[in-house]
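A short write-up of the structure that comes next.
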Amino acid sequence: MFLEDPPLTFYRELYLQMKLIDVQTLLGQAQHEARPKGPFPVDLYLGIVDSLQSILDRLHSMRCVTTKPEWCVSSRTVFSPLFC
C-alpha cells in the first residue's frame, strides 16, 4: 500500500502542532521585548501562524479521510479505469 504507517504520520502531526503552540507562546512574549527598529509586528505573524494552523488542520482531515479502508475501496473503483 502507498500510504505511510499511520502512527508515524500521527507523531509528525503532533510535532508540528506542538511547534505551532511554541511559536504562539514566543509571539506572545515578543510584544513585551524592546526592539530598536520599533514594535514587533505581532499581528502579522499571528496571521501567518493562524494560516499554518488552518493548513495543518486540513491536512489532518485529509489524512483521516484517506486512511479509512472505505476510501481506498471507493477510490479504486472510481480511479482505476482511468489508469488501466
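The values are calculated or read from the model by the stated rules, or taken from the named source; none is laboratory data. A quick note: this is a predicted structure, and the numbers were derived from the prediction, not measured. Glycine gets a Cβ as well: all are built from the backbone with ideal geometry, and neighbour counts include every protein chain shown.
Going through region 24-54 one residue at a time, which ones are over 14 Å from the mean Cα position of the chain (by Cα) and in contact (Cβ under 8 Å) with a residue 24 or more places away in the chain?
To start, the set of residues in region 24-54 that are over 14 Å from the mean Cα position of the chain (by Cα) comprises 24-47.
Correct list: 24 only.
Within region 35-73, the set of residues being of a type in the set (Gly, Ala, Ser) and either in contact with a Lys or Arg (Cβ under 9 Å, 6 or more places away or on another chain) or exposed (fewer than 10 other Cβ atoms within 10 Å of the Cβ) (or both) comprises just one member, 38.
Among the residues of region 35-84, just one is modelled with pLDDT under 85, under 22 Å from residue 13 (Cα atoms), out of contact with any Pro (no Cβ under 9 Å at 6 or more places or on another chain) and charged (D, E, K, R), namely 68.
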